[in-house]
Amino acid sequence: MARNVTTGRKTINTLASWSIGLLIFFPILWTILTSFKTEAQAISDPPLFLFFDWTLENYTVVQERSNYMRFLWNSVIIAGGSTILGIIIAVPAAWSMAFVPSKRTKDILLWMLSTKMLPAVGVLYPMYLLFIKMGLLDTRIGLVIVLMLINMPIIVWMLYTYFREIPGEILEASRMDGASLRDEIIYVLTPMALPGIASTLLLNFILAWNEAFWTLNLTAVNAAPLTAFIASYSSPEGLFFAKLSAASTMAIAPILLLGWFSQKQLVRGLTFGAVK
Amino acid sequence: MATQHSRSAARLMLAPAVVLLLGWMLVPLTMTLYFSFKKYLPLRGDTISGGLDWVGFENYSRFIGSSAFWPSVQATLLIVGSVLVITLVLGVLLALLLDQPMWGQGIVRILVISPFFVMPTVSALVWKNMFMDPVNGILAHLWNFFGAEPVQWLSQASMESIILIVSWQWLPFATLILLTAIQSLDSEQLEASEMDGAPILKRFWFIILPHMSRAMAVVILIQTIFLLSIFAEIFVTTGGAFGTKTLTYLIFQRVLESQNIGLGSAGGVYAIILANIVAIFLMRIVGKNLDK
């Protein structure tokens, strides 16, 4: 459809939207800009917007002082590992519910969703205790498992809604041709479901990357990811705006880029298919 | 079409996910329930192997009876309620605006959605220091510019500050979902009403808003679930001081700071009950969608 609008109205819409968009984005923009300033320029009054001496010094200092790379690596392993492991377990489950539904499928899906509602703080100490008992405290594998379990319902749900859009006739046809269950999944289903699996992967990677309850409470030194790295800057001695900004920029930049690509899937994934 | 063979195969494929989630739900939950009926103070020498004293419902009544309980419930409700109202009202307005024809719509969408991807510890720290610092923060500069006395945001207006930070994080989510809902609106219906001469406000009230109602309900429920358990934003900014101690934070302090596991577990059970009440409504909406 083509709604007829005057250029004048379109200009007003554009101006209004861009102003609000920039206002909402400003804290992020400001953080990125500040990361390139010297500490003195970072707190100057009036604030310097673009005309300052751009420097990369903060980035090198942050990397040297707090070993940023190790935290980054932990984040990548924890977010990536939990997402991939979750998908490996969730694909068969979602497949079976989408293509061989039973009377209980709906109940199982809703029950899975309900585990997501369990407030983390309600089971904080038991998890703490179990982690100590199993030697998982402050290990990456421990966090991979917990984040995998936390995001499992979202992963199953997203995959389920994608799989349901694949027409069942295609599967039947391949079955007629004598394809085994294994062939069916590897050669017929997976290629068709790949875009859906990719979106699921992306969104859950982002969610795991930003998770900040278990990552703060179940790590100390060895397995601490970027969420904990940044939280360590909340102590007063870390109060250097330019360095804080550089650390923040490094923590959010990769995920911001991924997020821009996955914004369309975000709606579907986080509303469990209720809004498409 | 499903043969007996494929049915049992399907069950087998479902099993790992179900078993894992069942374990994840039952094991810690059972432990929390168990501890909530026990006196368990590890710092005073209580150990599980040494046996814990059964105290009945004492932890439950003590948790509710403590002077910190009601303020924490109030703080929780205030944060959840305010953020919901702010993000919904602004989200609807913003979604309506972004739905209009304009130049560079895709870029504006990206600008608006960005805060959602910022990890909670980063957004809390950036707001706390670079914006709300009473000496060097941007807001202090702004106040100075207008000749006003800078505000000690996180101590004098602690609640408002936290609500501002959390709203900033969640406004993108609400906007994006409401925008998706508006865009799925049948444009013929809108055009017909436009031709019938229905004024803008009437169109909004009788066509657009009812169409968005489901998306709004979903936004309310999902945000409530997440907002009930916000943690990093308070951990990093006020540490629960200045009246910002939520129920989640109170339980966290009981468990990890004062190491009163029994009391904290009883609090945890309350938090679980609270979250479940919200969850039931969310499931109804999502469940309806499954029947189609």
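The dipole here belongs to the stretch B:67-259: it is taken about the Cα centre, uses +1 on the Cβ of Lys and Arg and -1 on the Cβ of Asp and Glu, and is about 440 debye. The relative contact order of the stretch B:1-116 comes to 13 percent, based on Cα pairs under 8 Å that sit 6 or more residues apart. With a Förster radius of 60 Å applied to the beta-carbon distance between B:GLU194 and A:VAL221, the computed FRET efficiency rounds to 0.45.
Each Cα pair under 8 Å and six or more residues apart adds its sequence gap; the mean of these over the residue count of the stretch A:68-270 is a relative contact order of 34 percent. Using Cα pairs under 8 angstrom and six or more residues apart, how large is the relative contact order of the stretch A:7-58, in percent? With pairs under 8 Å counted, the relative contact order is 31 percent.
Using r as the Cβ-Cβ distance of B:LEU256 and A:TRP73, and R0 as 30 Å, what FRET efficiency do you calculate, to the nearest 0.05?
Numbers: r = 27 Å, r/R0 = 0.89.
After rounding to 0.05, the efficiency reads 0.65.
For B:LYS288, the lysines whose Cα comes closer than 18 Å to its Cα, not counting residues fewer than 8 places off in the same chain, are A:LYS103, A:LYS106, A:LYS276. Close amide H partners of B:LYS38, meaning residues 5 or more places away or on another chain with modelled amide H under 5 Å apart, are B:VAL55. A straight Cα-to-Cα reach below 29 Å connects B:LYS128 with the lysines A:LYS37, A:LYS243, B:LYS245, residues fewer than 8 places away in its own chain not being considered.
Considering only A:PRO46, A:PRO225, A:PRO101, the Gaussian network model of chain A with Cα springs below 10 Å gives its largest mean-square fluctuation to A:PRO46. Here the Karplus relation 6.51 cos²θ - 1.76 cosθ + 1.60, evaluated at θ = phi - 60°, turns the backbone of the stretch B:39-44 into coupling constants of 8, 9, 10, x, 5, 9 Hz, with x for every Gly and Pro. A Cβ-based charge dipole, computed about the Cα centre of chain A with Lys and Arg at +1 and Asp and Glu at -1, lands at about 720 debye.
Going from the residue with the fewest nearby Cβ atoms within 10 Å to the one with the most, A:TRP209, A:TRP30, A:TRP54, B:TRP168 rank A:TRP54, A:TRP30, B:TRP168, A:TRP209.
Between B:ARG203 and B:PHE226, the C-beta separation translates, for a Förster distance of 35 Å, into a calculated FRET efficiency of about 0.60. Between the listed residues A:GLN41, A:GLN265, A:VAL100, the Cα displaced farthest toward the positive end of the dipole of chain A, a dipole computed from Cβ unit charges relative to the Cα centre, is found at A:VAL100.
What ranking of A:VAL100, A:VAL144 emerges when the number of other C-beta atoms within 10 Å of each C-beta is taken as an exposure proxy, fewest first? The partial results should precede the final answer.
Numbers: A:VAL100 19, A:VAL144 23.
Fewest-to-most ranking of A:VAL100, A:VAL144: A:VAL100, A:VAL144.
Ordering B:THR47, B:ILE234, B:ALA9 by the projection of their Cα atoms onto the charge dipole of the protein assembly as shown, which places +1 on the Cβ of Lys and Arg and -1 on the Cβ of Asp and Glu, puts B:ALA9 at the extreme positive end. Of the residues B:LEU250, B:PHE204, B:LEU26, the one whose Cα sits farthest towards the positive end of the charge dipole of chain B is B:LEU26 (charges of +1 on Lys and Arg Cβ, -1 on Asp and Glu Cβ, taken about the Cα centre). Rounded to the nearest Hz, the phi-derived 3J(HN,Hα) couplings of the stretch A:52-65 under the Karplus curve 6.51 cos²θ - 1.76 cosθ + 1.60 (θ = phi - 60°) are 9, 7, 5, 9, 9, 4, 4, 5, 5, 4, 4, 4, 5, 5, where x marks glycine and proline. The string of couplings for the stretch B:240-254 from the Karplus curve (6.51, -1.76, 1.60, θ = phi - 60°) is x, 7, 6, x, 10, 7, 8, 4, 4, 5, 4, 5, 4, 5, 4 Hz, one whole number per residue in order, with x for Gly and Pro.
Counting only whole DSSP H helices of chain B, the ones at least 18 Å long by C-alpha along their axis and with mean Kyte-Doolittle hydropathy no lower than 0.0 are B:4-36, B:69-99, B:158-183, B:209-228, B:261-290.
Order of B:MET283, A:MET176 from fewest to most other C-beta atoms within 10 Å? Don't jump to the answer; show the numbers that get you there.
Values: B:MET283 19, A:MET176 8.
The order, fewest Cβ neighbours first, is A:MET176, B:MET283.
Throughout, read-outs are computed from the coordinates displayed, never taken from laboratory work. Quantities reported herein were computed from a predicted structural model and do not represent experimental measurements. In this analysis, Cβ positions are derived from the backbone assuming ideal geometry, glycine residues included, and neighbour counts consider all displayed protein chains.
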